[in-house]
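Here's the structure we're looking at; comments come further down.
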Amino acid sequence: MKNALHIAAHLIELGLAPVPLASPEDPAEQVKPPGKRGKAPFTPGWQKVPAPKSLRDLPELRPEHNVGIRTGRV
């Protein structure tokens, strides 16, 4: 089973900019409606962070997190 680390690594290989998102299982996410859980970036200022070149550039990413893709200019 693929986790957030595998998915982010693959996205980086494709030249995309993955963004770590909260896990839908995170207690803070449980107050949100089911369709909204696990969709919020948790890195402050994520919009201005350079696109990651490897997983080393995403130290906060854990296997249980979700991964989004930054679109537009990076």
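Worth a mention:
- Kirkwood-Stokes translational diffusion coefficient of the chain, alpha-carbon pairs, 37 °C, 0.692 mPa s, µm²/s: 261 µm²/s
- Between amide H atoms placed 1.01 Å from N, distances below 5 Å from Leu21 occur with Asn66, Val67, Gly68, all of them 5 or more places distant or on a separate chain.
- Only DSSP H runs of four or more residues enter the estimate; each adds -39500 (n - 2.57), and after division by the residues of the chain the mean residue ellipticity at 222 nm equals -4000 deg cm²/dmol.
- Probe 1.4 Å, accessible area per residue of the chain, Å²: 71 Å²
- Positive-end residue of Gln47, Pro24, Asn66, charge dipole of the chain with Cβ unit charges: Gln47
- In order through region 35-51: 3J(HN,Hα) via Karplus (6.51 cos²θ - 1.76 cosθ + 1.60), integer Hz, x for Gly, Pro: x, 9, 6, x, 10, 9, x, 10, 8, x, x, 4, 5, 9, 6, x, 4
- Cβ-defined net charge surrounding Ala22, 12 Å radius [Lys, Arg +1; Asp, Glu -1]: 0
- Carbon + sulfur, % of accessible area of the chain - ligands and nucleic acids excluded, 1.4 Å: 59 percent
The values are calculated or read from the model by the stated rules, or taken from the named source; none is laboratory data. Quantities reported herein were computed from a predicted structural model and do not represent experimental measurements. Glycine also receives a Cβ, built like all others from the backbone with ideal geometry; neighbour counts cover every protein chain displayed. SASA here: full protein model, heavy atoms, side chains in, ligands and nucleic acids out. Shrake-Rupley method; radii C 1.70, N 1.55, O 1.52, S 1.80 Å.
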